[in-house]
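Asker: Input: one structure, supplied below.
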Amino acid sequence: MLTLFQRKRPPVAAAPTPPPATDLPKGLMRPESAASLLATPRRQKLLEHIWQRTSLSRQQFAALYRTPLERYAELVQAFPASEAHHHAYPGGMLDHGLEIVAYSLKLRQSHLLPIGASPEDQAAQAEAWTAAVAYAALLHDIGKVAVDLHVELADGSTWHPWHGPLRQPYRFRYRDDREYRLHSAATGLLYRQLLDRDLLDWLSGYPSLWAPLLYVLAGQYEHAGVLGELVVQADRASVAQELGGDPARAMAAPKHTLQRKLVNGLRYLLKEELKLNQPEASDGWLTEDALWLVSKTVSDKLRAHLLSQGVDGIPANNTAVFNVLQDHGILQPTSDGKAIWRATVTSSTGWSHSFTLLRLAPALIWESGERPAPFAGTVATETAPADKEADAPPLLATADEKAAPASQEALPWEEAASTAPVASPQPMPDVMEDMLTMVGMGESPAPRQDVEAALGEKPSACHEAPAPTLAAALPSSPVPTPTSSAAQPSAEHFMAWLQQGIASRRLIINDAKALVHTVSDTAYLVSPGVFQRYAQEHPQVSALAKQENQSDWQWVQKRFEKLGLHKKQASGLNIWTCEVTGPRKSRRLHGYLLQEPTLLFTEVPPNNPYLSQA
């Protein structure tokens, strides 16, 4: 990377000296140099903020950041960012570009990238990822200049951005025939105007960031992972600030690609798992004008599928899931705006039953020519609202769900479903604050912690006394690898799920919101969060737990304890306490220490430096 800073770079060409303003025909604007465009106090402040979010000298910053920013300024000149929405004023696009870069770099500080890589790899790739985040943010709207605007020069010719920066007076207007999303696809026309060959050579040497960067530049955010999410969060924050909203809140709840993930999840289920148009009991029915799905079934299976794909933050109760599906326009509401329909399904064989159903547009699921034949029977809707499901438990959160620990902060799903008053905005999180979001798992004591506290026992810290001997023999054969969410839940399956999730990097470790950490040279399982995650991903646990009058995650936890793979304290207690420390506050985690880290890791990662003795 140092070679990037050692090469001589030609200075950004200054615009020719324009004629006096009085000589300009009416309606024409004079192009300005990058130095002039960026000279306003607010833009200088944004540039300073961007520099402070990097770890570079001024010379290095000029090579990696200031030069692309100056090229951007000369290309967008005084164009607005939109015609009548955000930053809809002369120079709005430049302001929006600087703001989104500043916000994205603020957000980037809260992520160890690439996710799941070793600390050494993350350190080696840190500056490349930071630069990629900034470039992706800066370029996300650049295609608007190419497809949304018609720019006419003083000589009557049409200017296109691939001609290079404007060099003579110009006027512009928005195209009446513009397509709303076309600018995302047009980015590829222009990013070489900002990023030179040396920068692209450098970034292309990091495959884990190169692919998501290209996806962002192609407008395919659904494939861009965390890079795409950071850009969308930063974009939302800039727009919120301009429209008088709260940018901190906008940055805190990424929703990008959620609609796509929900639709893709439903498509998968309908292709692989859900039974459609059966002559009797079925998971759903396709009529000529609607797709009807049994609400409880689809909610449980959609939650389990998305969790198995690494999508976090899915609510445990059905009401929140239905609200999210409805908020994203996936469900068709009843006449009174509710998500749940009550209908009687009657088949051609005479079988009939009443269900609570979700209604979707078939075109959302199937392309033309792929749509199955319609149901031979009828689906007759009832006018009375469906407050409860006849074929499933009530939609209201259960006591177990209400008792879920505070660690599960409001994520995209929960925010969409929440109706509670919004608290006053909090300061935007820095890297340590984001790390501390995981400790909410310890806000409420773990279930066995309550018992131990009642006995007057004080839990030990993570740095325990000399490890006791193995409480039980380790499995003599490898733990079976789960092949699907339909596998029978058990303690062995739980361990195999953990092992597979970590190996595939679907379950991250030693990071914000992680449920597994390395402490005292072994694996540390956050309780009850890790058991809740398994239970949510495997809905079969609920039925097994009810047979023993337990909550689903407690059922998993008790079976895990019976394996005897965890360390116990000298007093016989199972739970170990860790403290996560930061510059402003610290909190506690509760969990289990495995006797052998190799049960989960092929190579044991370094201990998490944020976790220490309580």
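Asker: Consider residue 496 against the criteria (1) farther than 15 Å from residue 308 by Cα; (2) in contact (Cβ under 8 Å) with a residue 12 or more places away in the chain: it satisfies all of them except one. Which criterion is unmet?
Answerer: Only one criterion is unmet by residue 496, namely (1).
Asker: Is region 144-153 home to any residue that is buried (at least 23 other Cβ atoms within 10 Å of the Cβ), under 24 Å from residue 66 (Cβ atoms) and in contact with a helix residue (DSSP H, G or I) (Cβ under 6 Å, 6 or more places away or on another chain)?
Answerer: Within region 144-153, one or more residues are buried (at least 23 other Cβ atoms within 10 Å of the Cβ), under 24 Å from residue 66 (Cβ atoms) and in contact with a helix residue (DSSP H, G or I) (Cβ under 6 Å, 6 or more places away or on another chain).
Asker: Determine which single condition residue 155 fails, assuming it passes every other condition in (1) modelled with pLDDT of 85 or more; (2) in the same structural domain as residue 204 (by TED's automatic domain parsing); (3) more than 15 Å from residue 72 (Cβ to Cβ).
Answerer: (2)
Asker: Next question, about the same structure. Picking from 84, 124, 102, which residue would you name as being more than 20 Å from residue 206 (Cα to Cα) and free of Cβ contacts under 8 Å to residues at least 24 places away in the same chain?
Answerer: 84
Asker: Output the residues belonging to region 144-167 that are assigned to a loop (DSSP other than H, G, I, E, B) and either within 14 Å of residue 27 (Cβ to Cβ) or of a type in the set (Gly, Ala, Ser) (or both). Reasoning before the result, please.
Answerer: Of region 144-167, the ones assigned to a loop (DSSP other than H, G, I, E, B) are 148, 154-157, 160, 164-167.
Listed by number, the residues that qualify are 154, 156, 157, 164.
Asker: Which of (1) closer than 26 Å to residue 121 by Cβ; (2) in contact with a Pro (Cβ under 6 Å, 6 or more places away or on another chain); (3) surrounded by 22 or more Cβ atoms within 10 Å (Cβ to Cβ); (4) not small (Gly, Ala, Ser) is the odd one out, the single condition residue 524 does not satisfy?
Answerer: The number of the failed condition is (2).
Asker: Moving to a separate point now. Looking at 176, 141, can you tell me which residue is surrounded by 20 or more Cβ atoms within 10 Å (Cβ to Cβ) and not in a helix (DSSP H, G or I)? Please lay out each step first, then the result.
Answerer: Working: 176 fails: surrounded by 20 or more Cβ atoms within 10 Å (Cβ to Cβ).
Going through 176, 141 in turn, just one is surrounded by 20 or more Cβ atoms within 10 Å (Cβ to Cβ) and not in a helix (DSSP H, G or I): 141.
Okay, residues lined up against (1) basic (Lys, Arg); (2) in contact with a strand residue (DSSP E or B) (Cβ under 7 Å, 6 or more places away or on another chain):
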position	(1), (2)
509	no, yes
513	yes, no
529	no, no
541	no, no
545	no, no
557	no, no
575	no, yes
578	no, yes
602	no, no
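Asker: A further question on this structure: Within region 272-330, track down each residue that is more than 30 Å from residue 496 (Cα to Cα), at pLDDT 80 or above and part of a loop (DSSP other than H, G, I, E, B).
Answerer: Across region 272-330, the qualifying residues are 277, 278, 282, 287, 288, 289, 290.
Asker: Tell me which residues, restricted to region 188-214, are more than 26 Å from residue 77 (Cβ to Cβ) and of a type in the set (Ser, Thr, Tyr).
Answerer: Within region 188-214, the subset more than 26 Å from residue 77 (Cβ to Cβ) is 201-212, 214.
Matches in region 188-214: 204, 206, 208.
Asker: Next question, about the same structure. Those residues that are of a type in the set (S, T, N, Q), crowded, with 19+ Cβ neighbours inside 10 Å and part of a loop (DSSP other than H, G, I, E, B), I need them from region 51-79; list them, please. Lay out the reasoning, then the answer.
Answerer: Taking region 51-79 and keeping what is of a type in the set (S, T, N, Q), we get 52, 54-55, 57, 59-60, 67, 77.
Then keep just the ones that are crowded, with 19+ Cβ neighbours inside 10 Å; that gives 67, 77.
Once the filter is applied, which keeps residues that are of a type in the set (S, T, N, Q), crowded, with 19+ Cβ neighbours inside 10 Å and part of a loop (DSSP other than H, G, I, E, B), region 51-79 yields only 77.
Asker: Same structure, new question: Within region 593-604, can you find the residues that are assigned to a loop (DSSP other than H, G, I, E, B) and crowded, with 16+ Cβ neighbours inside 10 Å?
Answerer: Our first condition is that a residue be assigned to a loop (DSSP other than H, G, I, E, B); within region 593-604, this holds for 595-596, 600-604.
If the condition is that a residue be assigned to a loop (DSSP other than H, G, I, E, B) and crowded, with 16+ Cβ neighbours inside 10 Å, then 595, 600, 601 are the ones that fit.
Asker: When only residues in region 572-592 that are of a type in the set (Val, Ile, Thr) and not in a loop (DSSP other than H, G, I, E, B) count, which is modelled with the highest pLDDT? Before you say what the answer is, go through the steps one by one.
Answerer: Here is the first cut: in region 572-592, the ones of a type in the set (Val, Ile, Thr) are 575, 577, 580-581.
Retained after the next criterion (residues that are not in a loop (DSSP other than H, G, I, E, B)): 577, 580-581.
Values: 577: 88, 580: 80, 581: 69.
Per the stated criteria, the residue is 577.
Asker: Further question on the same structure: When residue 557 is evaluated against the numbered criteria (1) outside any helix (DSSP H, G or I); (2) of a type in the set (S, T, N, Q); (3) closer than 22 Å to residue 517 by Cα, which criterion, by number, is the only one it fails?
Answerer: Status for residue 557: all satisfied but (1).
Asker: Could you tell me whether residue 101 is at pLDDT 90 or above, touching a helix residue (DSSP H, G or I) at 6+ places or on another chain (Cβ under 9 Å) and over 30 Å from residue 502 (Cα atoms)?
Answerer: Working: at pLDDT 90 or above: yes; touching a helix residue (DSSP H, G or I) at 6+ places or on another chain (Cβ under 9 Å): yes; over 30 Å from residue 502 (Cα atoms): yes.
Judged against the criteria, residue 101 is a match.
Asker: Can I ask one more? Out of 49, 85, report the one residue that is modelled with pLDDT under 85, within 29 Å of the chain's Cα centre (by Cα) and within 23 Å of residue 228 (Cβ to Cβ). Lay out the reasoning, then the answer.
Answerer: Numbers: 49 fails: modelled with pLDDT under 85.
Answer to the check: 85.
Asker: Given the condition more than 30 Å from residue 300 (Cα to Cα) and aromatic (Phe, Trp, Tyr), answer yes or no: does some residue in region 572-580 qualify? Even if it seems obvious, please write down each step before you answer.
Answerer: Narrowing region 572-580 to residues more than 30 Å from residue 300 (Cα to Cα): 572-580.
Still in the list and also aromatic (Phe, Trp, Tyr): 576.
Among the residues of region 572-580, at least one is more than 30 Å from residue 300 (Cα to Cα) and aromatic (Phe, Trp, Tyr), which makes the answer yes.
Asker: Which residues, counting only those in region 25-43, are at pLDDT 90 or above and either of a type in the set (A, V, I, L, M) or surrounded by fewer than 12 Cβ atoms within 10 Å (Cβ to Cβ) (or both)?
Answerer: Within region 25-43, the first condition is being at pLDDT 90 or above, and the residues that meet it are 28-43.
If the condition is that a residue be at pLDDT 90 or above and either of a type in the set (A, V, I, L, M) or surrounded by fewer than 12 Cβ atoms within 10 Å (Cβ to Cβ) (or both), then 28, 29, 34, 35, 37, 38, 39, 41, 42 are the ones that fit.
Asker: Quick check, is residue 138 more than 22 Å from the chain's Cα centre (by Cα) and either touching a residue at least 40 places away in the same chain (Cβ under 8 Å) or under 29 Å from residue 114 (Cα atoms) (or both)?
Answerer: No.
Asker: A further question on this structure: In region 331-365, what residues are in a loop (DSSP other than H, G, I, E, B), without any contact (Cβ under 8 Å) to a residue 60 or more places away in the chain and surrounded by fewer than 19 Cβ atoms within 10 Å (Cβ to Cβ)?
Answerer: So in region 331-365, the residues in a loop (DSSP other than H, G, I, E, B) come out as 331-340, 347-351, 361, 365.
Next, from what is left, pick out any that are without any contact (Cβ under 8 Å) to a residue 60 or more places away in the chain: 331-340, 350.
Within region 331-365, 332, 333, 334, 335, 336, 337, 338, 350 meet the criteria.
Asker: Does residue 569 qualify as being in a loop (DSSP other than H, G, I, E, B) and touching a Ser or Thr at 6+ places or on another chain (Cβ under 7 Å)? Outline the logic, then answer.
Answerer: Details: in a loop (DSSP other than H, G, I, E, B): yes; touching a Ser or Thr at 6+ places or on another chain (Cβ under 7 Å): yes.
In short, yes.
The values are calculated or read from the model by the stated rules, or taken from the named source; none is laboratory data. Since the structure is predicted, the reported quantities are computational estimates derived from the model, not experimental observations. Every residue, glycine among them, receives a Cβ derived from its backbone with ideal geometry; neighbour counts consider all protein chains shown.
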